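Read the structure below first, then the notes.
The values are calculated or read from the model by the stated rules, or taken from the named source; none is laboratory data. Just so we're clear, the structure is a prediction, and the values are computed from it rather than from any experiment. Don't worry about glycine lacking a Cβ; one is built from the backbone with ideal geometry, like all the others, and counts go over all protein chains shown. All accessible areas refer to the heavy atoms of the entire protein, side chains included, with ligands and DNA or RNA removed. Shrake-Rupley method; radii C 1.70, N 1.55, O 1.52, S 1.80 Å.
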Amino acid sequence: MIDLMLTDTTYEQAGLMHSKVAGRFEIVHVLPKKADGFDGMFDYADAFGRFKIAYIDSAHKISNISNKEQKSATVFGGEFGLNSAQYNGFSLHLSTYISQNLNLQNQPKENLNEDFFDYQNNSFAYVAESSIDYSNEFYEMKIGRIKIETPYANSDDIRMAPNTFEGVWANLDYTSQLNSQVIYLSRWAGYDSQNEEQEISQNEFKNLVSDDSSGMLGFSLTYEYTRNSEMSLWYNYVDNMASIVYAEIIGIYFVNKNGFHIDYGFQGTKIEELDNSQVDGEVFGLMSIFHYGGIFIGGAYNGVEVKSGKYISNGFGGGPYYTSLDEATIAAISEASVGKDAEAFRLGGGYEFENGLVVEFVYGELYNDDDRIVEEDIVLGYELEDRWNLEITYTNYTSSCNNNTFKRSLARLEYNF
(Lines give C-alpha, C1' and ligand atoms only; values in the text may rest on other atoms or scores of the structure.)
Protein backbone atom coordinates (compact mmCIF):
# COMPACT_ATOMS: atom_id res chain seq x y z
CA MET A 1 0.00 0.00 0.00
CA ILE A 2 1.39 3.44 -1.00
CA ASP A 3 0.17 6.61 0.72
CA LEU A 4 0.11 9.68 -1.54
CA MET A 5 -0.45 13.18 -0.20
CA LEU A 6 -2.07 16.09 -2.06
CA THR A 7 -2.76 19.11 0.19
CA ASP A 8 -4.93 17.64 2.95
CA THR A 9 -6.02 14.51 1.05
CA THR A 10 -4.46 11.08 1.45
CA TYR A 11 -4.42 8.79 -1.60
CA GLU A 12 -3.88 5.06 -1.15
CA GLN A 13 -2.82 2.85 -4.04
CA ALA A 14 -2.64 -0.93 -3.87
CA GLY A 15 -2.39 -3.94 -6.11
CA LEU A 16 -0.05 -5.54 -8.62
CA MET A 17 0.11 -2.57 -11.02
CA HIS A 18 1.14 -0.21 -8.22
CA SER A 19 3.88 -2.48 -6.84
CA LYS A 20 6.55 -0.48 -8.70
CA VAL A 21 5.30 3.07 -8.19
CA ALA A 22 6.76 5.92 -6.14
CA GLY A 23 7.20 5.22 -2.47
CA ARG A 24 8.28 1.58 -2.59
CA PHE A 25 11.83 2.41 -1.39
CA GLU A 26 10.68 5.15 0.98
CA ILE A 27 12.07 5.16 4.53
CA VAL A 28 9.25 5.23 7.08
CA HIS A 29 10.29 6.95 10.31
CA VAL A 30 8.67 5.40 13.38
CA LEU A 31 9.35 6.95 16.77
CA PRO A 32 9.79 4.16 19.35
CA LYS A 33 9.02 4.45 23.03
CA LYS A 34 11.93 5.74 25.09
CA ALA A 35 13.32 4.19 28.25
CA ASP A 36 15.42 5.68 31.06
CA GLY A 37 17.62 2.58 31.42
CA PHE A 38 18.42 -0.87 30.01
CA ASP A 39 15.68 -2.63 31.99
CA GLY A 40 13.15 -0.09 30.81
CA MET A 41 13.81 -1.12 27.19
CA PHE A 42 11.94 -4.35 27.93
CA ASP A 43 9.46 -2.96 30.46
CA TYR A 44 8.01 -0.81 27.66
CA ALA A 45 8.49 -3.30 24.81
CA ASP A 46 5.74 -3.72 22.20
CA ALA A 47 4.58 -7.02 20.72
CA PHE A 48 3.39 -7.02 17.11
CA GLY A 49 2.32 -9.52 14.53
CA ARG A 50 0.45 -10.53 11.41
CA PHE A 51 -1.77 -13.59 11.59
CA LYS A 52 -2.03 -15.19 8.16
CA ILE A 53 -4.28 -17.86 6.72
CA ALA A 54 -3.36 -18.71 3.14
CA TYR A 55 -4.59 -21.11 0.46
CA ILE A 56 -2.94 -21.99 -2.84
CA ASP A 57 -4.04 -24.28 -5.67
CA SER A 58 -2.13 -24.78 -8.92
CA ALA A 59 -2.54 -27.03 -11.94
CA HIS A 60 0.57 -27.47 -14.11
CA LYS A 61 0.46 -28.85 -17.64
CA ILE A 62 3.72 -29.99 -19.26
CA SER A 63 3.36 -30.32 -23.04
CA ASN A 64 4.73 -33.87 -23.25
CA ILE A 65 2.68 -35.16 -20.29
CA SER A 66 -1.01 -35.93 -20.73
CA ASN A 67 -2.17 -35.30 -17.15
CA LYS A 68 -2.07 -32.08 -15.19
CA GLU A 69 -0.13 -31.94 -11.93
CA GLN A 70 -2.51 -30.51 -9.32
CA LYS A 71 -1.15 -29.32 -5.98
CA SER A 72 -2.71 -27.29 -3.17
CA ALA A 73 -2.14 -26.33 0.45
CA THR A 74 -3.73 -24.41 3.32
CA VAL A 75 -1.52 -22.94 6.05
CA PHE A 76 -1.71 -20.80 9.16
CA GLY A 77 1.09 -18.67 10.54
CA GLY A 78 2.46 -15.23 9.89
CA GLU A 79 4.92 -12.92 11.57
CA PHE A 80 5.22 -12.43 15.32
CA GLY A 81 7.76 -10.25 17.06
CA LEU A 82 8.87 -7.78 19.67
CA ASN A 83 10.22 -4.22 19.57
CA SER A 84 11.98 -2.98 22.68
CA ALA A 85 11.80 0.63 23.81
CA GLN A 86 14.68 2.90 22.82
CA TYR A 87 17.55 3.74 25.19
CA ASN A 88 20.14 6.33 24.09
CA GLY A 89 19.00 5.79 20.51
CA PHE A 90 19.35 1.99 20.63
CA SER A 91 16.56 -0.59 20.49
CA LEU A 92 16.13 -4.31 19.77
CA HIS A 93 13.93 -5.93 17.13
CA LEU A 94 12.93 -9.61 16.90
CA SER A 95 10.52 -11.36 14.53
CA THR A 96 9.69 -15.01 13.81
CA TYR A 97 8.09 -16.22 10.57
CA ILE A 98 5.78 -19.24 10.79
CA SER A 99 4.02 -21.42 8.21
CA GLN A 100 2.12 -24.43 9.58
CA ASN A 101 0.25 -26.92 7.42
CA LEU A 102 -3.46 -27.16 8.27
CA ASN A 103 -3.87 -30.14 5.89
CA LEU A 104 -7.62 -29.69 5.67
CA GLN A 105 -7.83 -32.20 2.81
CA ASN A 106 -5.56 -34.79 4.49
CA GLN A 107 -3.16 -34.73 1.55
CA PRO A 108 0.09 -36.69 1.25
CA LYS A 109 3.24 -34.56 1.08
CA GLU A 110 3.77 -35.15 -2.62
CA ASN A 111 0.45 -33.42 -3.38
CA LEU A 112 1.23 -30.29 -1.36
CA ASN A 113 2.10 -27.06 -3.13
CA GLU A 114 5.75 -26.33 -2.24
CA ASP A 115 5.39 -22.55 -2.01
CA PHE A 116 4.38 -22.60 1.68
CA PHE A 117 6.90 -25.17 2.97
CA ASP A 118 10.55 -26.18 3.07
CA TYR A 119 12.03 -28.33 0.28
CA GLN A 120 10.72 -31.50 1.98
CA ASN A 121 7.22 -29.99 2.22
CA ASN A 122 7.44 -29.61 5.99
CA SER A 123 6.01 -26.73 8.01
CA PHE A 124 8.53 -24.27 9.40
CA ALA A 125 9.19 -21.58 11.97
CA TYR A 126 12.40 -19.57 12.18
CA VAL A 127 13.84 -16.30 13.46
CA ALA A 128 13.79 -14.17 10.31
CA GLU A 129 14.55 -10.76 11.85
CA SER A 130 16.83 -10.12 14.82
CA SER A 131 18.61 -6.80 14.95
CA ILE A 132 20.13 -4.04 17.01
CA ASP A 133 18.70 -0.74 15.77
CA TYR A 134 19.86 2.82 16.25
CA SER A 135 18.11 6.01 15.22
CA ASN A 136 18.17 9.74 15.75
CA GLU A 137 16.74 12.69 13.86
CA PHE A 138 19.09 12.30 10.88
CA TYR A 139 20.42 8.75 10.93
CA GLU A 140 19.12 5.17 11.17
CA MET A 141 21.00 1.87 11.30
CA LYS A 142 20.13 -1.83 11.68
CA ILE A 143 22.60 -4.66 12.31
CA GLY A 144 21.67 -8.35 12.26
CA ARG A 145 18.83 -10.09 10.45
CA ILE A 146 16.88 -7.34 8.71
CA LYS A 147 14.12 -6.71 6.18
CA ILE A 148 14.89 -4.03 3.58
CA GLU A 149 13.41 -2.64 0.38
CA THR A 150 15.95 -1.77 -2.36
CA PRO A 151 15.90 -2.41 -6.13
CA TYR A 152 18.01 -5.58 -6.06
CA ALA A 153 17.44 -6.79 -2.49
CA ASN A 154 13.88 -6.67 -1.15
CA SER A 155 11.27 -8.57 0.83
CA ASP A 156 8.98 -9.52 -2.11
CA ASP A 157 6.20 -10.50 0.32
CA ILE A 158 4.12 -12.78 -1.94
CA ARG A 159 3.77 -15.99 0.14
CA MET A 160 4.26 -16.72 3.88
CA ALA A 161 7.94 -15.80 4.33
CA PRO A 162 9.19 -12.46 2.96
CA ASN A 163 12.90 -12.26 2.15
CA THR A 164 15.16 -11.08 4.98
CA PHE A 165 18.93 -10.63 5.07
CA GLU A 166 21.88 -10.85 7.41
CA GLY A 167 23.96 -7.70 7.35
CA VAL A 168 23.89 -3.96 7.95
CA TRP A 169 21.55 -1.24 6.67
CA ALA A 170 21.84 2.50 7.25
CA ASN A 171 19.95 5.60 6.11
CA LEU A 172 21.32 9.13 6.29
CA ASP A 173 19.14 12.22 5.73
CA TYR A 174 21.32 15.06 4.44
CA THR A 175 18.30 17.34 4.06
CA SER A 176 14.53 16.86 4.03
CA GLN A 177 14.81 16.04 0.29
CA LEU A 178 18.20 14.33 -0.06
CA ASN A 179 19.17 11.00 1.54
CA SER A 180 21.39 7.95 1.13
CA GLN A 181 21.08 4.27 2.00
CA VAL A 182 24.06 2.02 2.61
CA ILE A 183 23.79 -1.78 2.82
CA TYR A 184 26.07 -4.73 3.35
CA LEU A 185 24.43 -8.17 3.06
CA SER A 186 25.99 -11.60 3.40
CA ARG A 187 23.15 -14.16 3.65
CA TRP A 188 19.40 -14.35 3.09
CA ALA A 189 16.28 -16.44 3.66
CA GLY A 190 12.69 -16.26 2.44
CA TYR A 191 10.51 -17.43 -0.43
CA ASP A 192 12.80 -16.23 -3.26
CA SER A 193 15.88 -17.84 -1.69
CA GLN A 194 14.64 -21.43 -1.92
CA ASN A 195 15.72 -24.03 -4.47
CA GLU A 196 13.98 -27.39 -4.23
CA GLU A 197 16.27 -29.03 -6.81
CA GLN A 198 19.32 -28.21 -4.68
CA GLU A 199 17.43 -29.01 -1.45
CA ILE A 200 17.70 -25.42 -0.21
CA SER A 201 14.79 -24.33 2.01
CA GLN A 202 13.30 -20.86 2.28
CA ASN A 203 13.50 -20.97 6.09
CA GLU A 204 17.30 -21.40 6.17
CA PHE A 205 19.78 -18.55 5.84
CA LYS A 206 22.26 -19.17 3.03
CA ASN A 207 24.99 -17.23 1.21
CA LEU A 208 23.75 -14.72 -1.36
CA VAL A 209 25.92 -16.09 -4.17
CA SER A 210 28.40 -18.77 -3.08
CA ASP A 211 30.43 -19.95 -0.12
CA ASP A 212 33.48 -17.94 -1.23
CA SER A 213 31.53 -14.73 -1.93
CA SER A 214 31.87 -11.84 0.52
CA GLY A 215 28.30 -10.71 -0.19
CA MET A 216 26.70 -7.51 -1.44
CA LEU A 217 27.70 -3.89 -0.80
CA GLY A 218 25.32 -1.14 -1.90
CA PHE A 219 24.92 2.64 -1.84
CA SER A 220 22.19 5.00 -3.01
CA LEU A 221 21.55 8.70 -3.42
CA THR A 222 17.91 9.83 -3.65
CA TYR A 223 16.53 13.31 -4.26
CA GLU A 224 12.83 13.98 -3.68
CA TYR A 225 12.09 16.89 -6.02
CA THR A 226 8.37 17.03 -5.19
CA ARG A 227 6.35 15.45 -2.37
CA ASN A 228 5.62 12.27 -4.35
CA SER A 229 8.35 12.31 -7.01
CA GLU A 230 12.02 11.43 -6.79
CA MET A 231 15.15 10.55 -8.72
CA SER A 232 17.61 8.00 -7.42
CA LEU A 233 20.92 6.36 -8.24
CA TRP A 234 21.92 2.98 -6.78
CA TYR A 235 25.19 1.06 -6.96
CA ASN A 236 25.54 -2.56 -5.84
CA TYR A 237 28.69 -4.67 -5.83
CA VAL A 238 27.82 -8.37 -5.52
CA ASP A 239 31.02 -10.36 -5.05
CA ASN A 240 31.40 -13.26 -7.52
CA MET A 241 28.30 -12.12 -9.41
CA ALA A 242 28.08 -8.56 -10.81
CA SER A 243 28.33 -4.84 -10.27
CA ILE A 244 24.98 -3.14 -10.83
CA VAL A 245 24.19 0.53 -11.51
CA TYR A 246 20.49 1.40 -11.35
CA ALA A 247 18.96 4.82 -12.05
CA GLU A 248 15.30 5.81 -11.78
CA ILE A 249 13.01 8.80 -12.05
CA ILE A 250 9.58 8.05 -10.65
CA GLY A 251 6.63 10.00 -9.31
CA ILE A 252 3.04 11.14 -9.39
CA TYR A 253 1.78 14.15 -11.33
CA PHE A 254 -1.52 15.58 -10.07
CA VAL A 255 -3.49 17.10 -12.95
CA ASN A 256 -6.20 18.55 -10.70
CA LYS A 257 -7.68 18.23 -7.22
CA ASN A 258 -10.53 16.04 -8.43
CA GLY A 259 -8.45 12.88 -8.27
CA PHE A 260 -6.97 12.87 -11.81
CA HIS A 261 -3.29 11.99 -11.49
CA ILE A 262 -0.63 10.08 -13.40
CA ASP A 263 2.03 7.73 -12.04
CA TYR A 264 5.15 7.74 -14.22
CA GLY A 265 8.54 6.10 -14.15
CA PHE A 266 11.77 5.74 -16.13
CA GLN A 267 14.44 3.20 -15.20
CA GLY A 268 17.80 2.05 -16.50
CA THR A 269 20.19 -0.67 -15.33
CA LYS A 270 23.73 -1.58 -16.35
CA ILE A 271 24.98 -4.93 -15.05
CA GLU A 272 28.62 -5.96 -15.47
CA GLU A 273 29.63 -9.52 -14.62
CA LEU A 274 32.30 -10.46 -12.09
CA ASP A 275 34.30 -13.71 -12.06
CA ASN A 276 32.68 -15.00 -15.28
CA SER A 277 29.26 -15.25 -13.63
CA GLN A 278 27.43 -14.65 -16.97
CA VAL A 279 25.21 -12.06 -15.22
CA ASP A 280 25.67 -9.11 -17.57
CA GLY A 281 23.42 -6.82 -19.58
CA GLU A 282 21.46 -3.59 -19.83
CA VAL A 283 17.79 -2.93 -19.07
CA PHE A 284 15.63 0.06 -19.97
CA GLY A 285 12.07 0.59 -18.78
CA LEU A 286 9.18 3.02 -18.62
CA MET A 287 5.68 2.96 -17.17
CA SER A 288 2.62 5.12 -16.61
CA ILE A 289 -0.72 4.66 -14.82
CA PHE A 290 -3.64 7.06 -15.32
CA HIS A 291 -6.13 7.56 -12.47
CA TYR A 292 -9.50 9.26 -12.40
CA GLY A 293 -11.69 8.75 -9.37
CA GLY A 294 -11.46 5.06 -8.58
CA ILE A 295 -10.53 4.03 -12.13
CA PHE A 296 -6.92 3.33 -13.11
CA ILE A 297 -5.38 2.05 -16.34
CA GLY A 298 -1.77 1.84 -17.44
CA GLY A 299 1.10 0.07 -19.09
CA ALA A 300 4.81 -0.64 -18.82
CA TYR A 301 7.68 -1.68 -21.10
CA ASN A 302 11.13 -3.18 -20.53
CA GLY A 303 13.88 -3.96 -23.01
CA VAL A 304 16.98 -6.08 -22.31
CA GLU A 305 20.25 -6.19 -24.24
CA VAL A 306 22.77 -8.96 -23.50
CA LYS A 307 25.84 -10.39 -25.18
CA SER A 308 26.34 -14.01 -26.17
CA GLY A 309 26.24 -16.31 -23.16
CA LYS A 310 24.95 -13.60 -20.79
CA TYR A 311 21.69 -12.89 -18.95
CA ILE A 312 20.24 -10.44 -16.41
CA SER A 313 18.99 -11.06 -12.88
CA ASN A 314 16.33 -9.88 -10.42
CA GLY A 315 18.99 -9.85 -7.75
CA PHE A 316 17.70 -11.04 -4.39
CA GLY A 317 13.94 -10.52 -4.37
CA GLY A 318 11.30 -9.50 -6.84
CA GLY A 319 13.56 -7.17 -8.83
CA PRO A 320 12.87 -3.54 -9.83
CA TYR A 321 11.51 -4.06 -13.37
CA TYR A 322 8.22 -2.36 -14.26
CA THR A 323 6.83 -5.24 -16.34
CA SER A 324 6.96 -7.80 -13.51
CA LEU A 325 3.79 -9.86 -13.13
CA ASP A 326 2.54 -12.17 -10.41
CA GLU A 327 4.86 -14.91 -11.71
CA ALA A 328 6.84 -13.77 -14.74
CA THR A 329 9.64 -11.22 -14.87
CA ILE A 330 11.88 -10.17 -17.74
CA ALA A 331 14.83 -11.56 -15.76
CA ALA A 332 13.17 -15.00 -15.81
CA ILE A 333 12.97 -15.15 -19.61
CA SER A 334 16.53 -13.80 -19.83
CA GLU A 335 17.81 -16.60 -17.56
CA ALA A 336 15.85 -19.19 -19.57
CA SER A 337 17.13 -17.89 -22.93
CA VAL A 338 20.78 -17.08 -22.27
CA GLY A 339 22.45 -14.73 -24.74
CA LYS A 340 19.24 -13.37 -26.28
CA ASP A 341 17.87 -9.83 -26.12
CA ALA A 342 14.35 -9.67 -24.73
CA GLU A 343 11.36 -7.35 -24.47
CA ALA A 344 8.33 -7.23 -22.23
CA PHE A 345 5.14 -5.20 -21.91
CA ARG A 346 2.38 -5.10 -19.32
CA LEU A 347 -1.12 -3.63 -19.66
CA GLY A 348 -3.81 -3.44 -17.05
CA GLY A 349 -6.58 -1.60 -15.34
CA GLY A 350 -8.87 -1.72 -12.38
CA TYR A 351 -11.11 0.07 -9.94
CA GLU A 352 -10.58 1.09 -6.32
CA PHE A 353 -13.81 1.34 -4.36
CA GLU A 354 -14.28 3.76 -1.48
CA ASN A 355 -14.64 0.90 1.01
CA GLY A 356 -11.06 -0.28 0.36
CA LEU A 357 -11.80 -2.96 -2.23
CA VAL A 358 -9.46 -2.98 -5.27
CA VAL A 359 -10.07 -5.13 -8.35
CA GLU A 360 -7.65 -5.23 -11.28
CA PHE A 361 -6.80 -7.20 -14.41
CA VAL A 362 -3.24 -7.34 -15.76
CA TYR A 363 -1.95 -8.82 -19.02
CA GLY A 364 1.70 -9.21 -19.94
CA GLU A 365 3.96 -10.69 -22.59
CA LEU A 366 7.71 -11.33 -22.32
CA TYR A 367 9.52 -12.54 -25.43
CA ASN A 368 12.65 -12.86 -27.54
CA ASP A 369 13.32 -14.34 -31.00
CA ASP A 370 12.59 -17.91 -29.88
CA ASP A 371 10.59 -17.91 -26.65
CA ARG A 372 7.51 -16.23 -25.23
CA ILE A 373 5.81 -16.01 -21.83
CA VAL A 374 2.18 -14.85 -21.63
CA GLU A 375 0.51 -14.18 -18.29
CA GLU A 376 -2.93 -12.99 -17.25
CA ASP A 377 -3.58 -11.95 -13.65
CA ILE A 378 -6.81 -11.10 -11.85
CA VAL A 379 -6.14 -9.47 -8.47
CA LEU A 380 -8.55 -8.58 -5.68
CA GLY A 381 -7.44 -6.71 -2.58
CA TYR A 382 -9.50 -5.55 0.38
CA GLU A 383 -8.26 -3.62 3.39
CA LEU A 384 -10.49 -2.98 6.38
CA GLU A 385 -9.57 -0.47 9.09
CA ASP A 386 -5.79 -1.13 8.85
CA ARG A 387 -6.26 -4.46 10.63
CA TRP A 388 -7.72 -6.94 8.15
CA ASN A 389 -6.30 -7.41 4.68
CA LEU A 390 -7.48 -9.87 2.02
CA GLU A 391 -5.58 -10.68 -1.18
CA ILE A 392 -6.85 -13.03 -3.89
CA THR A 393 -4.87 -13.62 -7.09
CA TYR A 394 -5.68 -15.78 -10.10
CA THR A 395 -2.79 -16.41 -12.51
CA ASN A 396 -2.92 -17.95 -15.99
CA TYR A 397 0.68 -18.56 -17.13
CA THR A 398 2.00 -19.98 -20.40
CA SER A 399 5.69 -20.31 -21.26
CA SER A 400 7.45 -21.79 -24.28
CA CYS A 401 10.79 -21.65 -22.42
CA ASN A 402 10.07 -24.91 -20.59
CA ASN A 403 6.73 -25.81 -22.18
CA ASN A 404 5.08 -25.13 -18.84
CA THR A 405 1.51 -23.94 -18.46
CA PHE A 406 -0.27 -23.47 -15.16
CA LYS A 407 -3.28 -21.88 -13.57
CA ARG A 408 -2.94 -20.81 -9.95
CA SER A 409 -5.29 -19.42 -7.32
CA LEU A 410 -3.85 -17.83 -4.18
CA ALA A 411 -5.69 -16.28 -1.24
CA ARG A 412 -4.21 -14.68 1.90
CA LEU A 413 -6.16 -13.27 4.82
CA GLU A 414 -4.15 -11.21 7.31
CA TYR A 415 -4.87 -9.66 10.68
CA ASN A 416 -2.37 -7.07 11.89
CA PHE A 417 -1.82 -6.10 15.51
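Numerical summary
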{"read-out": "Rg/Rh for the chain, where both radii come from Cα atoms and Rh is the Kirkwood radius", "value": "0.95"}
{"read-out": "Reciprocal of mean inverse Cα separation for the stretch 280-372 (Kirkwood radius, Å)", "value": "14.1"}
{"read-out": "Highest to lowest packing among 150-157, 285-292, scored as the average C-beta count within 10 Å", "value": "150-157, 285-292"}
{"read-out": "Calculated [θ] (222 nm, deg cm²/dmol) that DSSP helices of n ≥ 4 give over the chain, each run adding -39,500 (n - 2.57)", "value": "-500 deg cm²/dmol"}
{"read-out": "Kirkwood Rh, Cα atoms: Rg over Rh of the stretch 127-238", "value": "1.01"}
{"read-out": "Protein accessible area in the chain, 1.4 Å probe - carbon and sulfur %", "value": "53"}
{"read-out": "Cα-based Rg and Dmax for the stretch 312-417, where Dmax is the largest Cα-Cα distance (Å)", "value": "15.8, 50"}
{"read-out": "Calculated FRET value between Tyr174 and Leu104, using beta carbons and R₀ = 35 Å, to 0.05", "value": "0.10"}
{"read-out": "Mean separation of Cα contacts under 8 Å, 6 or more apart, over the residue count of the chain: relative contact order %", "value": "12"}
{"read-out": "Assigned charges on the beta-carbon of Lys, Arg, Asp, Glu; the chain dipole about Cα centre (debye)", "value": "420"}
{"read-out": "Dipole magnitude of the stretch 214-367, debye to nearest 20 (Cβ charges: Lys/Arg +1, Asp/Glu -1, about Cα centre)", "value": "300"}
{"read-out": "Dipole in debye (nearest 20) - the stretch 67-117, about Cα centre, beta carbon charges: Lys, Arg +1; Asp, Glu -1", "value": "60"}
{"read-out": "Mean shadow area of the stretch 161-221, taken as a quarter of the surface of its Cα convex hull (nm²)", "value": "5.0"}
{"read-out": "Area projected by the alpha carbon convex hull of the stretch 317-367, averaged over all directions, nm²", "value": "4.3"}
{"read-out": "Accessible surface, the chain, averaged per residue in Å² (probe 1.4 Å)", "value": "47"}
{"read-out": "Mean projection area, nm², convex hull over Cα of the stretch 185-329", "value": "10.5"}
